[in-house]
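S.K.: I am attaching a structure below and will ask some questions about it afterwards.
The values are calculated or read from the model by the stated rules, or taken from the named source; none is laboratory data. Note that the structure is a prediction, hence the values are computed from the model and not measured. With ideal geometry, Cβ positions are generated from the backbone for all residues, glycine too; neighbour counts draw on all protein chains shown. The area values use the complete protein model at the heavy-atom level, side chains included, leaving out ligands, DNA and RNA. Shrake-Rupley method; radii C 1.70, N 1.55, O 1.52, S 1.80 Å.
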Amino acid sequence: MASFIKMILQIARQLDLIVYYIFYRWKYNIINNQVLFLSQTRNELTGNFEFIYNEIKADYLVKTALGDHIGERKELAKTFAMSHYILVDDFTPIIYPIPLRKGTHLIQVWHALGAFKTIGFARSRNHDRFSMTHRNYDDTIVSSASIVKDYAKAFRMNEKDVHPIGIPRTDIFFNERKKASIRFSLYREYPWLKGKKVILFAPTFRGGNIHNAYYDYSKINFKKLQMALGDEYACIVKMHPFISQGVPEDLDPSFYIDLSSQRDINDLLMITDILITDYSSVIFEAALLPIKTIFFIYDLENYIADRDFFYPFEKYTYGPVAFTQEEMIDAILYGAVNEEKKKEFVDYFINACDGYSSKRFVEILMRIDI
């Protein structure tokens, strides 16, 4: 009964949009080359959106409805009705109750690589048979054939509609010119990082959502970390955007720089020697680069109980594992990546990422007569 009521509430929240949409789908035809990039969390065409946009901008009519600029609802319904393709890259509740017309293709270009933390209907607690969430995608993409089954389960899709063509935003990791340009730009902005062994501290958040997200800073003493490593190193702090509380310590600017609110993490990986993270999907991007990844997992059992993973956690750890700060420091100084396990990790989770994912996306999923 509760799940049925939840479905009714999902519909009720978008009822005006549904009514407008039904009217506009009757009044207007689909524009054959119109593409809508839709996101309720992203304010700009970044991530997968950016790479797909660059691939199609010359030939397609592009519309955007993003974050704070998602637009007036009547106009949004009209755009829904006239778009041949609607692309989303995350949880997007505004679109799920809309009775999309035949000829409109809703494609989920999920922002994360691999199959790490469970999502959608793959989460053990999510057995809501009436829920509309993640249930009306026509197609989605993944980073390898091995994980097609995982995303089919997460989004309750037929496996034939889950396409292992790679993730568009990873194309940059195979473009040496662009990587060099990013490094040049970062070193010009932060010249003191050049010549250092750069650590990127980038954990994910704890808590259920953006409203209660946090990180347990008591598990790390930044001053002690600096003293243990010395002048040979420098550290970029990149907290998850959901975490509103900054580092409670005063960080020495000769060693630390906090870029939590400024930089795309993919850019920062271009100058990273050592990544310290935990349950963040950045481990997949890092595996495409010669980076030593350290898994600082002080709360693994609790995290598994709360969120869980698609696979046993050991399948992801191709670098040193640390449960305490002392173990993390030891891993920075002496630990090494298991190159054989890293190769197995890449082959299983991200082997479709080869620099041509954006091109394949358009060729396979957006082939229309223009």
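S.K.: Once R0 is set to 25 Å, what does the formula 1/(1 + (r/R0)^6) return for the Cβ-Cβ distance between Trp192 and Ala336, expressed as a FRET efficiency to the nearest 0.05? Don't jump to the answer; show the numbers that get you there.
M.R.: On the way: r = 27 Å, r/R0 = 1.07.
Efficiency computed from Cβ-Cβ geometry: 0.40.
S.K.: If R0 is 22 Å, what FRET efficiency do you get for Lys178 and Gln262 from their C-beta distance, rounded to 0.05? Walk me through the numbers on the way to the answer.
M.R.: Details: r = 19 Å, r/R0 = 0.88.
The calculated FRET efficiency here is 0.70.
S.K.: How do 248-259, 96-107 rank on mean C-beta neighbours within 10 Å, highest first? Working shown, then result.
M.R.: Working: 248-259: 14.1, 96-107: 17.0.
Those peptides, ordered most packed to least, come out 96-107, 248-259.
S.K.: Go ahead and run the numbers for FRET between Asp16 and Lys149, Cβ-Cβ distance against an R0 of 35 Å, rounding to 0.05. The partial results should precede the final answer.
M.R.: Details: r = 38 Å, r/R0 = 1.08.
That pair, Asp16 with Lys149, gives E of 0.40.
S.K.: Determine ³J(HN,Hα), in whole Hz, for all residues of segment 229-235 in sequence, where each value follows from phi through the Karplus function 6.51 cos²θ - 1.76 cosθ + 1.60 and θ = phi - 60°; x replaces Gly and Pro.
M.R.: Calculated HN-Hα couplings, in order: 9, x, 6, 5, 10, 9, 10 Hz.
S.K.: Shape verdict for segment 229-370, please, from the Cα gyration tensor: rounded (a/c under 1.5), prolate (a/b greater than b/c) or oblate. All intermediate terms of the calculation are to be shown ahead of the outcome.
M.R.: On the way: a/c = 1.76, a/b = 1.46, b/c = 1.21.
Judged from the Cα gyration tensor, segment 229-370 comes out prolate (a/c at least 1.5, a/b above b/c).
S.K.: Given a cut-off of under 8 Å on Cα pairs at least six residues apart, what relative contact order in percent is computed for the chain? Could you put the intermediate results ahead of the total?
M.R.: Working: 636 pairs, mean separation 67.3, N = 370.
This gives 18 percent for the chain.
S.K.: Then there is this: In whole Hz, what ³J(HN,Hα) sequence does segment 182-196 give by Karplus (6.51, -1.76, 1.60; θ = phi - 60°), x for Gly and Pro?
M.R.: Those phi angles translate into 5, 4, 4, 5, 5, 5, 5, 7, 10, x, 5, 7, 5, x, 8 Hz.
S.K.: May I pose another question? Considering only Asn136, Gln245, Asn54, whose Cα is most displaced toward the positive end of the charge dipole of the chain, charges sitting on Cβ of Lys, Arg (+1) and Asp, Glu (-1)?
M.R.: After comparing all options, I get Asn136.
S.K.: For the chain, what % of the accessible area comes from carbon and sulfur atoms, probe 1.4 Å? Don't jump to the answer; show the numbers that get you there.
M.R.: Details: 8860 of 17520 Å².
Carbon-and-sulfur percentage of accessible area, whole number: 51.
S.K.: List the relative contact order of segment 67-165 as a percent without decimals, with contacts defined as Cα pairs under 8 Å and 6+ residues apart. Kindly include the intermediate steps, with their values, before the conclusion.
M.R.: Numbers: 130 pairs, mean separation 24.1, N = 99.
Relative contact order, segment 67-165: 24 percent.
S.K.: Quick one: work out the % antiparallel among DSSP beta bridges in the chain, nearest 5.
M.R.: 10
S.K.: Between Glu75 and Asn158, what length comes free when the chain is fully extended (0.36 nm per residue of separation minus the Cα-Cα distance, one decimal in nm)? Show your work: numbers first, answer last.
M.R.: Numbers: separation 83, 0.36 × 83 = 29.88 nm, distance 3.21 nm.
This chain segment gains 26.7 nm when fully extended.
S.K.: Quick one: grab the alpha carbon gyration tensor of segment 154-273, order the square roots of its eigenvalues as a ≥ b ≥ c, and give me rounded if a/c is under 1.5, else prolate or oblate depending on whether a/b is larger than b/c.
M.R.: On the way: a/c = 2.67, a/b = 1.27, b/c = 2.09.
Since a/c reaches 1.5 but b/c is at least a/b, the shape of segment 154-273 is classed as oblate.
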